[in-house]
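Enquirer: Take this structure first; my questions come after.
The values are calculated or read from the model by the stated rules, or taken from the named source; none is laboratory data. Predicted, not measured: the structure shown is a model, and the values here were computed from it. Positions of Cβ are generated from backbone atoms using ideal geometry, with glycine treated the same way; all protein chains shown enter the neighbour counts.
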Amino acid sequence: MKNYLSFGAGVNSTALMLLLLDDNVEFEAVFSDTGCEWPETYEHLHLLQDEGYEFTWLRPEVSGTRTLYEYCVKYNGMIPHVRRRFCTQKFKGRPLDRYHEKPCTTYIGYDYGESRRRYVRDRKGIHYEFPLIERMITRQRCKEIIRDHGLPVPPKSGCWLCPFQPLSEWKRLRDTYPDLFRMAMVLEDMNKHGFTFREGMRLSSIWQENKLLHYNEFQIEEKVN
């Protein structure tokens, strides 16, 4: 039975990959790319490749689109929302399920502080294991493991479109990657259901705090080929 690591390229999954390698466990690390990961995550992935670490990089096609952003534009500004979280399932869960050769074991990188998240049950021929929880390894210890292997600690993985990220992350996106922030605002304005990325707050109000160029100057293709 084959072993897989659900690899998100963040702190926990990177540390778990290193631990599994140290323990000589045979496994395949698999990263499913939404096309909208934070730029720092892509930098970390390329650094790992340059250092000789191996993982499979899935770039799923969903409804004729290759990125989460393209998918949202195609469906008239549909946006990830805390009450409508289609993105993880379409661009992470289902692609990974299709890729896995079943029966198999999948390692999940929840750390000891996330023990409450250990609610995932075996399904469809997939057996889930949580080595960091079993070893009582905290997030802080994960960072130490990464440093002990001579690697920089990566940032928290996730999409720059994620509605669960705190306000500080939206402001960091605005200040560090203004083009990406403008793209998110365009999607928010296109949305026909009135949803916003943050409950009770439009991204335009965050944008205007910095008095940057108005996002209407930013152009996107109306249609996704």
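Enquirer: With the range 117-225 as the region, which helices (runs of 4 or more DSSP H) entirely inside it contain at least 2 residues that are touching a Gly at 6+ places or on another chain (Cβ under 9 Å) and modelled with pLDDT of 95 or more? Walk me through how you get there before you give the answer.
Expert: Numbers: elements: 131-134, 139-148, 167-176, 178-190, 203-209.
Those helices (runs of 4 or more DSSP H) span 131-134, 139-148.
For (1) at pLDDT below 95; (2) in contact with a His (Cβ under 7 Å, 6 or more places away or on another chain); (3) under 25 Å from E188 (Cα atoms), each residue gets a yes or a no:
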position: M1; (1), (2), (3): yes, no, no
position: F7; (1), (2), (3): no, no, no
position: S13; (1), (2), (3): no, no, no
position: L16; (1), (2), (3): no, no, no
position: L21; (1), (2), (3): no, no, no
position: G35; (1), (2), (3): no, no, yes
position: F55; (1), (2), (3): no, no, no
position: L58; (1), (2), (3): no, no, no
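Enquirer: Tell me, yes or no, whether the range 39-46 has at least one residue that is buried (at least 20 other Cβ atoms within 10 Å of the Cβ), farther than 17 Å from E144 by Cβ, in contact (Cβ under 8 Å) with a residue 60 or more places away in the chain and touching a Cys at 6+ places or on another chain (Cβ under 7 Å).
Expert: No, because not a single residue in the range 39-46 is buried (at least 20 other Cβ atoms within 10 Å of the Cβ), farther than 17 Å from E144 by Cβ, in contact (Cβ under 8 Å) with a residue 60 or more places away in the chain and touching a Cys at 6+ places or on another chain (Cβ under 7 Å).
Enquirer: On the basis of being in contact with a Phe, Trp or Tyr (Cβ under 8 Å, 6 or more places away or on another chain), loosely packed, with under 13 Cβ neighbours inside 10 Å and in the same structural domain as E114 (by TED's automatic domain parsing), does S63 make the cut?
Expert: Yes; evaluated as a whole, the condition is true for this residue.
Enquirer: Kindly indicate which of E51, E70, E26, E101 is at pLDDT 95 or above, of a type in the set (D, E, K, R), surrounded by 15 or more Cβ atoms within 10 Å (Cβ to Cβ) and outside the structural domain of N191 (by TED's automatic domain parsing).
Expert: When all the criteria are applied, what remains is E70.
Enquirer: Take the residues in the range 142-197 that are of a type in the set (S, T, N, Q) and in contact with a helix residue (DSSP H, G or I) (Cβ under 7 Å, 6 or more places away or on another chain); name whichever of them is surrounded by the fewest Cβ atoms within 10 Å (Cβ to Cβ).
Expert: Applying the filter and picking the extreme gives T196.
Enquirer: Can you find a residue in the range 98-108 that is assigned to a loop (DSSP other than H, G, I, E, B), out of contact with any Cys (no Cβ under 7 Å at 6 or more places or on another chain) and within 30 Å of T196 (Cβ to Cβ)?
Expert: no
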